[in-house]
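Read the structure below first, then the notes.
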Amino acid sequence: MRTSLEDQDFELLEAASGQEALSLARQQRPDLILLDVLMPDIDGFSVCREIKADPAISGTKVIMLTAKTERADREQARAAGADFYIPKPFSPIELQNIIHRYLT
């Protein structure tokens, strides 16, 4: 995924945990976050809720990428404020198209 997005000239930041993702989001204020649900320490749903509740970064678009494909998972992502939900596996081209849609 990283290689596919680097080819598109996106500036990429990576976090290894939910807490690190929140910290980076607050420091860097990205335009868009690709967020997995399953992460160490804080799950992606909770990270998304915190991002959307923080006035400084609430406008950041959040696209959730996850192996969790149940309807309840999609509903939980929507309730957390996710802008889009992509179940794995997905095509790199599909992801690029969705990112471009949210960044333009």
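The values are calculated or read from the model by the stated rules, or taken from the named source; none is laboratory data. These figures come from a predicted structure and were not determined experimentally. Please note: Cβ atoms are built from the backbone with ideal geometry, for glycine as well, and neighbour counts cover all protein chains shown.
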| message | Suppose we filter Asp31, Asp41, Asp54 for residues that are among the acidic types (Asp, Glu) and under 21 Å from Leu95 (Cβ atoms); which single one remains? | response | Asp31
| task | Among the numbered conditions (1) in contact with a helix residue (DSSP H, G or I) (Cβ under 9 Å, 6 or more places away or on another chain); (2) closer than 19 Å to Phe10 by Cα, tell me where Glu50 comes up short. | result | (2)
| message | What pairs come out if I take residues in the stretch 63-82 that are at positive phi and pair them with residues that are at pLDDT 95 or above whose C-beta lies under 6 Å away, six or more apart or interchain? | response | Gly81/Cys48; Gly81/Lys52
| task | Check Val62 against each of (1) farther than 16 Å from Leu103 by Cβ; (2) touching a Cys at 6+ places or on another chain (Cβ under 6 Å) and name the one condition it does not meet. | result | (1)
| said: Filter the stretch 18-54 down to the residues that are within 18 Å of Ala77 (Cα to Cα), in a loop (DSSP other than H, G, I, E, B) and either over 12 Å from the mean Cα position of the chain (by Cα) or not β-branched (Val, Ile, Thr) (or both) and list them by number. | reply: Leu38, Met39, Pro40, Asp41, Ile42, Asp43, Asp54
| Can you tell me how many residues in the stretch 71-104 are of a type in the set (Gly, Ala, Ser), outside any helix (DSSP H, G or I) and at pLDDT 90 or above? | 2
